[in-house]
1. Does L100 satisfy the condition of being modelled with pLDDT of 90 or more and not basic (K, R)?
2. May I ask you to list the residues in region 136-179 that are in contact with a strand residue (DSSP E or B) (Cβ under 7 Å, 6 or more places away or on another chain) and closer than 18 Å to N105 by Cα?
3. Of the residues A194, A208, only one is among the aliphatic types (A, V, I, L, M) and on the phi > 0 side of the Ramachandran plot; which?
4. Within region 183-220, track down each residue that is among the charged types (D, E, K, R) and part of a strand (DSSP E or B).
5. Here is a list of conditions, (1) farther than 30 Å from R51 by Cα; (2) part of a strand (DSSP E or B), and L250 meets all of them except one; can you say which number that is?
6. For region 207-221, which residues satisfy the criterion of being under 15 Å from A181 (Cβ atoms) and exposed (fewer than 15 other Cβ atoms within 10 Å of the Cβ)?
7. Of all residues in region 96-116, which are assigned to a loop (DSSP other than H, G, I, E, B) and under 16 Å from V186 (Cα atoms)?
8. Give me a count of the residues in region 229-254 that are in contact with a helix residue (DSSP H, G or I) (Cβ under 7 Å, 6 or more places away or on another chain), without any contact (Cβ under 8 Å) to a residue 40 or more places away in the chain and not assigned by TED's automatic domain parsing to the domain that holds V190.
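The values are calculated or read from the model by the stated rules, or taken from the named source; none is laboratory data. In this text the structure is predicted, and so the values were computed from the model without any measurement. Please note: Cβ atoms are built from the backbone with ideal geometry, for glycine as well, and neighbour counts cover all protein chains shown.
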Amino acid sequence: MDTPAIAAALARALRRATRVVALTGAGISAESGVPTFRDALTGLWAKFDPRELATPSAFARNPKLVWDWYAARRETLAHVVPNPGHVALARIEALVPDFLLATQNVDGLHARAGSRLLVELHGNIARVKCSREHRVVAHWAEPGDDLPPRCPHCGAFLRPDVVWFEESLPEDALARADAAARRAEVMLVVGTSAEVWPAAGLAHTAKAAGARLVEVNPEATPLSALADDVLRAPSGVALPALVAAAWPDLPQAT
């Protein structure tokens, strides 16, 4: 795809901004080859509905099944790497005094690309936590074939540290992202339809507070009409172009 034209006004606004927030969704990770949640239900998992695998009630009914599904997803993610869109957001973080990246993705690719000012709204699939006390657990004993591992502290089953259907987003993560959206001068909405609430509300909050709203998505979304600028290209193309336009004297990433 051709590199999108970056409006001079947008480039100036980003370069001058001291407060920037970004919201990312599945689209940016899809460019790295990460299957979307439903796309991952292939092969042995094709017969399952997502709600059979990603709810507290599903885990209560069949914890081993749910554990194995997430183990399979972690194995898939072990073979993907961040793309230029992830890297460009990490570069913007280094250039803007007050920056926050809020992601709906659980794959950890932003951190691997170098992002540090990061809120993972839906958790991280690489982390494991206790299903009872919710503390993150790094090491555990492998169980038998019919059960997931147990928490070394209390004996409850371990589970992935992600937000399931029927669960609320972590209050502290959402509050941090909301505060950043309210003070942002520029908000980048990247690779998401902005239809899944409450995360989708961050774009509306930023716009209402006066931020310049920039959508980066190869497809039109319900947010497109609200955006001040629309970069109709994949994030791996549009975001490096935006960085280059805003900071033309900056050495380009290789």
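1. Details: modelled with pLDDT of 90 or more: yes; not basic (K, R): yes.
Yes, satisfied.
2. Passing the criteria: R159, P160, D161, V162, V163, A173, R176, A177.
3. Details: A208 fails: on the phi > 0 side of the Ramachandran plot.
Only one candidate passes the filter, namely A194.
4. Initially, region 183-220 is screened for residues among the charged types (D, E, K, R), giving 183, 185, 195, 207, 212, 215, 219.
The answer is R212, E215.
5. Single failed check for L250: (2).
6. Applying the first criterion (under 15 Å from A181 (Cβ atoms)) to region 207-221 yields 207-215.
A208, A209, G210, listed by residue number.
7. At the first step, the residues of region 96-116 found to be assigned to a loop (DSSP other than H, G, I, E, B) are 96-97, 104-108, 114-116.
Answer for region 96-116, where residues must be assigned to a loop (DSSP other than H, G, I, E, B) and under 16 Å from V186 (Cα atoms): V96, P97.
8. Counting residues in region 229-254 that are in contact with a helix residue (DSSP H, G or I) (Cβ under 7 Å, 6 or more places away or on another chain), without any contact (Cβ under 8 Å) to a residue 40 or more places away in the chain and not assigned by TED's automatic domain parsing to the domain that holds V190 gives 1.
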